Amino acid sequence: MSSPTDPQIVMDSLRRIVQALRQSATHSEQATGFTAAQLLVLKRIHMQEGLSVNELAAATFTHQSTVSEIVSRLETRGLIRRVELYLSEAGGTALTASPVSAHEKLMQAVANLPPPTLEKLAAGLNALIEAAHLNQHPARFFFEDKSTPDE
């Protein structure tokens, strides 16, 4: 049996990541009724209440406008209070049944990579996105569509 080529390894790795994220997102939503992105934001606020939206965006490795959309949905549902971000009682309750998501695991793994590895990974993924002409698309939370219902 021949060994996989570098392009196959890259594509298989991306498939594994996407599959894990999709399964995790589905599990989170079924278990809690919240999207994986909403749970991630709730967890980050729980870990460090009083964050600004910009600080929350940095903590989730996400663009500020994307985080702002999630925060607005959570505020509408009465799960957080805006000004500085704090969990409401309902938001704390929502976290009691939330699993650790693949998104959180990936964020932790990325944060723990040695700087040279992280730089190479970032450059490689950026080159891939540019080569595929996907750099014009906004980078949203995984499986979080703008049209996702809040109910």
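Some points to look at:
- Scanning the stretch 43-57 for residues that are assigned to a helix (DSSP H, G or I), free of Cβ contacts under 8 Å to residues at least 40 places away in the same chain and surrounded by 14 or more Cβ atoms within 10 Å (Cβ to Cβ) yields a count of 5.
- Of all residues in the stretch 90-97, none are of a type in the set (S, T, N, Q) and either in contact with a Pro (Cβ under 9 Å, 6 or more places away or on another chain) or surrounded by 12 or more Cβ atoms within 10 Å (Cβ to Cβ) (or both).
- The criterion of at least 2 residues that are of a type in the set (Asp, Glu), closer than 22 Å to Gly50 by Cα and at pLDDT 80 or above is met, among helices (runs of 4 or more DSSP H) falling completely within the stretch 64-151, by 64-76.
- Selection status of Arg77, surrounded by 13 or more Cβ atoms within 10 Å (Cβ to Cβ), touching a residue at least 60 places away in the same chain (Cβ under 8 Å) and touching a Phe, Trp or Tyr at 6+ places or on another chain (Cβ under 8 Å): no
- Across the stretch 7-42, the number of residues qualifying as surrounded by fewer than 18 Cβ atoms within 10 Å (Cβ to Cβ) and either charged (D, E, K, R) or part of a helix (DSSP H, G or I) (or both) comes to 21.
- Entry remark, the stretch 98-146: residues being over 24 Å from His27 (Cβ atoms) and either surrounded by 11 or more Cβ atoms within 10 Å (Cβ to Cβ) or not hydrophobic (A, V, I, L, M, F, W, C) (or both) number 21 in total.
The values are calculated or read from the model by the stated rules, or taken from the named source; none is laboratory data. Quantities reported herein were computed from a predicted structural model and do not represent experimental measurements. Every residue, glycine among them, receives a Cβ derived from its backbone with ideal geometry; neighbour counts consider all protein chains shown.
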